[in-house]
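The values are calculated or read from the model by the stated rules, or taken from the named source; none is laboratory data. Treat the numbers as computed from the prediction; the structure is a model and nothing was measured. Using ideal geometry, Cβ is built from the backbone for each residue, glycine included, and neighbour counts are taken over all protein chains shown.
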Amino acid sequence: MIRVIAFKELRTLLQAPATWFILGALQLILAWSYLGRLDAYLQLQSQMSLIANAPGATQWIVPGLSGTVALVMMTLTPVFTMRLLAEERRNQTLALLLAAPLSARQIVLGKFLGLLAFLCLIIFAVAGMTLTLALGTRMDFGLLLANLGGLLLLTASYIALGLYISSLTAQPIVAAIGTLMVSFALKVAEEYATDSSHALVALTPTGHFRNFNSGLLDSGDLVYFVLFCGFFLVLTMRRLDHNRIYG
């Protein structure tokens, strides 16, 4: 049933005209950012050839582009998570869903995976753009894969957070604003902590995204994202169980 719910959420998103407009506009923005970074690299390439151990095209373009995508995901995810539960509650369809022979785990994981699969389309588009670098230069595929993996985990954490906040209200706009405010507060906390060992960095998703962004794979960062997602998904399941019992 998790797969059925996930496919339903994905199909609903792909059938909405507004979704394709958002994807098209977003692709235009990311392509503009990518081409701008590529143009800057090409202009400085002759000068960097005189520098020992100068950054290659991958090091110059991919981390910056991934940082832009991470910011986009932080602001875009609440737009989609607000409808997962808050809109169903407002439309009074959540009660029907809870009355069905489905567990809270199946509902939550199905909606989570459905939206994650959709947002992966954006990550795949970024991967396709950056892979064009291989046509003219030698790429650092390790750095690229680390950034893509980091973006996937960061996006999953934003979805889990947004899904929980969406379960707390019947107003989609309130859910979107609440998710964005919490995500922004975590981002500000990470920016405020200049020391990489600062406790604030250890508590924020963007703080743990830093290593992926620089091409470093740390099991501690992976564990953090798994725990972060698991924590908010479990809270969402408990919230739905509470709604099922007390209405």
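Remarks
- Any pair with Cβ under 6 angstrom, 6 or more apart, that starts in the stretch 152-177 at a residue that is more than 26 Å from residue 211 (Cα to Cα) and ends at one that is part of a helix (DSSP H, G or I) and charged (D, E, K, R): 167/239; 170/89; 170/90; 172/87
- Meets criteria (of a type in the set (Gly, Ala, Ser), modelled with pLDDT under 85 and under 21 Å from the mean Cα position of the chain (by Cα)) for residue 99: no
Yes/no per residue for (1) of a type in the set (A, V, I, L, M); (2) buried (at least 24 other Cβ atoms within 10 Å of the Cβ); (3) touching a Leu at 6+ places or on another chain (Cβ under 7 Å):
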{"residue": "142", "(1), (2), (3)": "no, no, no"}
{"residue": "148", "(1), (2), (3)": "yes, no, no"}
{"residue": "164", "(1), (2), (3)": "no, yes, yes"}
{"residue": "177", "(1), (2), (3)": "yes, no, no"}
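- The residues on offer are 46, 33, 66, and the sole one that is part of a helix (DSSP H, G or I), closer than 30 Å to residue 143 by Cβ, at pLDDT below 85 and of a type outside the set (D, E, K, R) is 46.
- Any chance residue 131 is more than 24 Å from residue 13 (Cα to Cα), in contact (Cβ under 8 Å) with a residue 60 or more places away in the chain and surrounded by fewer than 21 Cβ atoms within 10 Å (Cβ to Cβ): no
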